[in-house]
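Undergrad: I have a structure I would like to understand better, so I am pasting it below and will then ask my questions one at a time.
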Amino acid sequence: MPGDCPIARFSLPNSGSMTRATPTTASAIAAIATAPGRGGVGVVRVSGPDVTPFAMGLLGRLPAPRHATYAPFKASDGTMLDEGVALYFEAPHSFTGENVLELQGHGGPVVLGLILERCIELGARLAEPGEFTRRAYLNGKLDLAQAEAVADLIDAASSEAARSAVRSLSGAFSARIAELVEALTRLRMLVEATLDFPEEEIDFLRDADAFGRLDAIDGRLAAVRAQARQGALLREGLTVVLIGQPNVGKSSLLNQLAGFEAAIVTEIAGTTRDTVREAIQIDGVPLHIIDTAGLRDTQDPVERLGIERTWAAVEKADVALLLVDAAHGLGAQETAILERLPDVARLTVHNKIDVVGEAPRAAGDEIWLSARTGAGVELLRARLLEAAGWQAAGEGAFMARARHLDALTRAAGHLAAARAAAGQLELFAEELRLAQAALSEITGEFTADDLLGEIFSSFCIGK
């Protein structure tokens, strides 16, 4: 939610690979940069071309750049609103690239509101969600992928996700994209030059190893895509829905995976009438587990509504776990459920092996376990990670979003089309250009304003 996040006080180096039209010269903006509610410290942030009027109006002086200054924060009539620490960051050495004034006072919502009102009174306007980070992007302090990593770091649901977001924020993802764009640029220069000599173009390209260069770019792009998919998994997580007939142990398995009693478990079939959701982690990968109503023919209107919601949850799931009783295995009803499943990864879990005296094991997409005792649950956890496409060596992952994966996929498609059009140099050159343009969208070198608005609107106010 906007505002429900802390502030990170740091300045990023310019990536050096970006093209910016012009730095922003907008008016000053202000916002409370700490989360709503009471706390020991609260921060009001002001950023703009000139923050001197705010410093003079609130503090009576402009603090020395990058020096903490303890002072009272004053109202228009000279009375004290609060007292605390003021920090002045002189442009361009600030997060936004503009002059920034941060007022760190007591973390009560009323006193922070009074300080913010004083900033508005002195000429600032209330910042929009993500506007501080957007100004940092527009002023060349970080590229678009790094800007998105700011929000991803704040929203990280696991330590692995946080580390991946930091890698993106530090420019690791952007650097890999810049390398690909540079390699494509060199290859395009070679191809474009060849177009001026049509009688020698194919031989010239072969002598220059143009197609070998294309293969190398394709291989590097495949590696980046793999790392990005890992990062996207850390960011988005995996939605797993538990389905099956009533009383096969879905709720017990949810509790076993969650590590606590998240769902009510009884011997009465049909106890679960609605979906029960629980977020867990497996090796740092977020999983959203959904327990559902048992699938069976019923005249109970409440249970029928729960069954409808079960199928709705299945439609949105990444993985469906079909639980069956190990005593009888897959029967006609389970087969009917499998036939109705949409195109989604699926695992069949034979539960209650403790009752039939079997040992836990896994074979293909089938797992035998006991949700009551926990035997075999580790096999399930491992298979869930495999189904998600997670690789244990995820340390090289950087945080990625759906738009990044889409751009990488389109770039790979254009490289494939370029290879297919190798005999037609104009088409070959055009596909290389389109691949480069797709990659440039990731860092924001070529990005539509409406996309920028959509990206930054999801950020916190004050960030």
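The values are calculated or read from the model by the stated rules, or taken from the named source; none is laboratory data. For clarity, every value in this text was computed on a predicted model and none was experimentally measured. Here the Cβ positions follow ideal geometry from the backbone for every residue, glycine too, while neighbour counts run over all protein chains shown. Areas reflect the complete protein model, heavy atoms only, side chains present, ligands, DNA and RNA absent. Shrake-Rupley method; radii C 1.70, N 1.55, O 1.52, S 1.80 Å.
Undergrad: Can you pull out every residue in region 142-154 that is in contact with a helix residue (DSSP H, G or I) (Cβ under 8 Å, 6 or more places away or on another chain) and either of a type outside the set (Asp, Glu) or farther than 21 Å from residue 224 by Cβ (or both)?
TA: Hits for region 142-154 are 142, 144, 145, 146, 147, 149, 150, 151, 153.
Undergrad: If you take the residues in region 341-364 that are over 21 Å from residue 256 (Cβ atoms) and free of Cβ contacts under 8 Å to residues at least 12 places away in the same chain, which one is least open to solvent (accessible area, probe 1.4 Å)?
TA: Among those residues, the one meeting the criterion is 364.
Undergrad: Can I ask one more? Of the numbered conditions (1) closer than 30 Å to residue 217 by Cα; (2) of a type in the set (Asp, Glu); (3) open to solvent by 10 Å² or more (accessible area, probe 1.4 Å); (4) at pLDDT 85 or above, residue 192 fails exactly one; give the number of that condition.
TA: Of (1) closer than 30 Å to residue 217 by Cα; (2) of a type in the set (Asp, Glu); (3) open to solvent by 10 Å² or more (accessible area, probe 1.4 Å); (4) at pLDDT 85 or above, only one is false for residue 192: (4).
Undergrad: Need a quick list: strands (runs of 3 or more DSSP E) entirely within region 46-137 having at least 2 residues that are under 30 Å from residue 148 (Cα atoms) and open to solvent by less than 10 Å² (accessible area, probe 1.4 Å).
TA: 99-107
Undergrad: Residue under question is residue 432, and the condition is that it be more than 26 Å from the chain's Cα centre (by Cα), closer than 30 Å to residue 251 by Cβ and in a helix (DSSP H, G or I); does it hold?
TA: No.
Undergrad: Something else now. Here is a check on your reading of the model: is residue 367 open to solvent by less than 70 Å² (accessible area, probe 1.4 Å), among the aliphatic types (A, V, I, L, M), at pLDDT 85 or above and in contact with a Pro (Cβ under 7 Å, 6 or more places away or on another chain)? Lay out the reasoning, then the answer.
TA: Values: open to solvent by less than 70 Å² (accessible area, probe 1.4 Å): yes; among the aliphatic types (A, V, I, L, M): yes; at pLDDT 85 or above: yes; in contact with a Pro (Cβ under 7 Å, 6 or more places away or on another chain): no.
Here the answer is no, as residue 367 does not meet what is asked.
Undergrad: Just the residues that are more than 16 Å from the chain's Cα centre (by Cα), open to solvent by 40 Å² or more (accessible area, probe 1.4 Å), modelled with pLDDT of 85 or more and of a type in the set (A, V, I, L, M), please, taken from region 370-419.
TA: The answer is 379, 382, 416.
Undergrad: While we're on this one: Could you list all residues from region 222-242 that are open to solvent by less than 50 Å² (accessible area, probe 1.4 Å) and farther than 20 Å from residue 344 by Cβ?
TA: 223, 224, 226, 227, 228, 230, 231, 234
Undergrad: Could you check region 198-278 for helices (runs of 4 or more DSSP H) lying wholly inside it with 3 or more residues that are at pLDDT 75 or above?
TA: Hits in region 198-278: 210-236, 250-258.
Undergrad: Name the residues in region 420-439 that are buried (at least 17 other Cβ atoms within 10 Å of the Cβ) and among the small types (Gly, Ala, Ser), would you?
TA: 429, 435, 437, 438
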